[in-house]
1. Could you run through segment 134-186 and say how many residues are more than 28 Å from K220 (Cβ to Cβ), in contact with a strand residue (DSSP E or B) (Cβ under 8 Å, 6 or more places away or on another chain) and in a strand (DSSP E or B)?
2. Is it the case that segment 463-478 has a residue that's open to solvent by 60 Å² or more (accessible area, probe 1.4 Å), in contact with a Lys or Arg (Cβ under 9 Å, 6 or more places away or on another chain) and modelled with pLDDT of 95 or more?
3. Checking L290 against (1) touching a Ser or Thr at 6+ places or on another chain (Cβ under 7 Å); (2) buried (at least 18 other Cβ atoms within 10 Å of the Cβ), which single condition isn't satisfied?
4. Take the residues in segment 479-494 that are open to solvent by 50 Å² or more (accessible area, probe 1.4 Å) and within 22 Å of N15 (Cβ to Cβ), then tell me which one is farthest from the chain's Cα centre (by Cα).
5. Could you tell me whether R229 is in contact with a helix residue (DSSP H, G or I) (Cβ under 8 Å, 6 or more places away or on another chain) and at pLDDT 95 or above?
6. When the residues of segment 174-212 are narrowed to those that are closer than 25 Å to S384 by Cα and of a type in the set (V, I, T), which ends up farthest from the chain's Cα centre (by Cα)?
7. Of all the strands (runs of 3 or more DSSP E) wholly in segment 187-265, which have at least 1 residues that are free of Cβ contacts under 8 Å to residues at least 60 places away in the same chain and open to solvent by 10 Å² or more (accessible area, probe 1.4 Å)?
8. Checking the structure you have, find out if any residue of segment 304-321 is part of a strand (DSSP E or B) and open to solvent by less than 20 Å² (accessible area, probe 1.4 Å).
Amino acid sequence: MGAGKVILFNPRSANGKHRIPNSILQVGASIHGKFDYVFVDGNLEKDPWQKIRDYLQTGEFKYFGSTVMPGPQLRQAIPFTRAIRAEFPDVITIWGGYFASNQYATALESGYVDFIINGPGDNAFPKLLEAIESGDPKATIANLIYKSNGEIVKTQAEPLLDQDALPPLPYDYLDKFYPVKNYLAKTFMGNRTLSYHSSMGCPFTCSFCAVVPIYNARWKGMSAARIYRDIQYFKSGYGIDAVEFHDNNFFTSKKRVLEFAKLVLNDNISWWGEGRIDTINMYSDDDLRLMRRAGCKMIFLGAETGNDAVLKQMNKGGTQTGQMIRDFVQRMRRADIIPELSFVLGMPAETEEQVWEQIRWDIAFIRQIKAINPQAEIIIYLYSPVPTKGSELYHQILEAGFKFPERLEDWISPAWENFDLRKNPLTPWLKPYMIDAIRNFETVLNGYYPTVSDFRIRGYKRHLLRLVSGMRYKSKVYRFPYEIKALHKIWRYRQPEIEGFHSE
């Protein structure tokens, strides 16, 4: 075993209570048998800082590794890492995750983040620990960002690894800290739903996506056989009956998806995944019907907008079009698979009038989609810039006066946390009346078409919501929908983009 023990920390997220912490599990797998390590899951600890502090006070732990995603995870990752530097200055801090990779300069300039794993850490993390222990240079370690002599060093990106060749995730070891069964939750898909990650990266370059700067259109997935083997492990050992695939793009390889569908066909397991409309649109109707028979109940899809010009601005044009979206949701209706469509409203434009016109156009388009397929789920995000330097869109947002926080602590202010959730962006082109209009429409939409994923809104509740919201939706009067908001609050209406599908 290595000389220094490691704490692997998963900060609390909005819906992480019912998600197996795959990110730190994968890091744990990379050092299993090489270094002693412990897991701390901020989602399941009443006082995760005290847990971390108790470990550090033993004097046995030399490294603190944390996955850091944008939004709620920053509320623990930033103050905990800062407190470690203040109280345990010899502990070496290592961050990974989308936030760390995209905002590496801000993190390293904070003075309390020592190293950043830029993308996958299967090789980078153990090699970094070994280099620190031996005193060897770190510049040859791929996927690493750190400071040397006051300058930031960003090493080369490593090719994505064969996912089947990676060591199995240490579920049995996790069970010693947090019973795996506690991560399996009741959802609209099943009574014991497993969260699972089967691929790395994404082959596309959407200009609004935080994954793009990290993977640069690279994708690598586990084989269908490897996925099925893991699913069978959880079915036989824990009785799962549903799976959420949290890949950035589960459906990239049609061959892999159809192989998996055939393997799981008779296992009575429901499943959900994320994909692209233009990718899945190349699946035949028979393919979609096979997936449905194999348990695929819903697919999360980035529709973004029905405006072809804006789709091109997002780097989704050329293959995905507004008409394709309309045709696709009709195909999904025939296949009996629910399309969960995300839309990104509030894209920058040359004038305020153009921004507003596009918002109104998108709202009208969403209504068209619901008319074609009332079962289509609609998720609305406000556009939040990501640091895709070099893109036309990135230059446009800078010219409009937008900039990211310069201090790491600023990211945990309420405004910036909401920004990372794409709920309240600090973008100069998006005016308050525009945000109000989007939010009011979203409230009426969620009243007239309550999400199927909130299985508590059933029977008379669903009927009353639709009754109260119907007049507004049909007449397109969205302002001040206080009566709908009141019902949502009383019944604790869940928005899947924030809280996931899980029950409490």
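The values are calculated or read from the model by the stated rules, or taken from the named source; none is laboratory data. Predicted model only: the values in this text are computed from it and were never measured. Here the Cβ is made from the backbone with ideal geometry for all residues, glycine too, and neighbour counts use every protein chain on show. Surface areas here come from the heavy atoms of the whole protein model, side chains and all, with no ligands, DNA or RNA. Shrake-Rupley method; radii C 1.70, N 1.55, O 1.52, S 1.80 Å.
1. 2
2. Checked segment 463-478: at least one residue is open to solvent by 60 Å² or more (accessible area, probe 1.4 Å), in contact with a Lys or Arg (Cβ under 9 Å, 6 or more places away or on another chain) and modelled with pLDDT of 95 or more.
3. Of everything listed in (1) touching a Ser or Thr at 6+ places or on another chain (Cβ under 7 Å); (2) buried (at least 18 other Cβ atoms within 10 Å of the Cβ), L290 misses just condition (1).
4. Step one: filter segment 479-494 for residues open to solvent by 50 Å² or more (accessible area, probe 1.4 Å), giving 479-480, 482-483, 485, 489-490, 492.
With within 22 Å of N15 (Cβ to Cβ) added as a condition, the list becomes 485, 489-490, 492.
Numbers: K485: 26, K489: 25, I490: 28, R492: 23 Å.
Selected residue: I490.
5. Values: in contact with a helix residue (DSSP H, G or I) (Cβ under 8 Å, 6 or more places away or on another chain): no; at pLDDT 95 or above: yes.
Taking the combined requirement at face value, the residue does not satisfy it.
6. The selected residue is T205.
7. On the way: elements: 193-196, 199-201, 219-221, 242-245.
The qualifying strands (runs of 3 or more DSSP E) are 219-221.
8. yes
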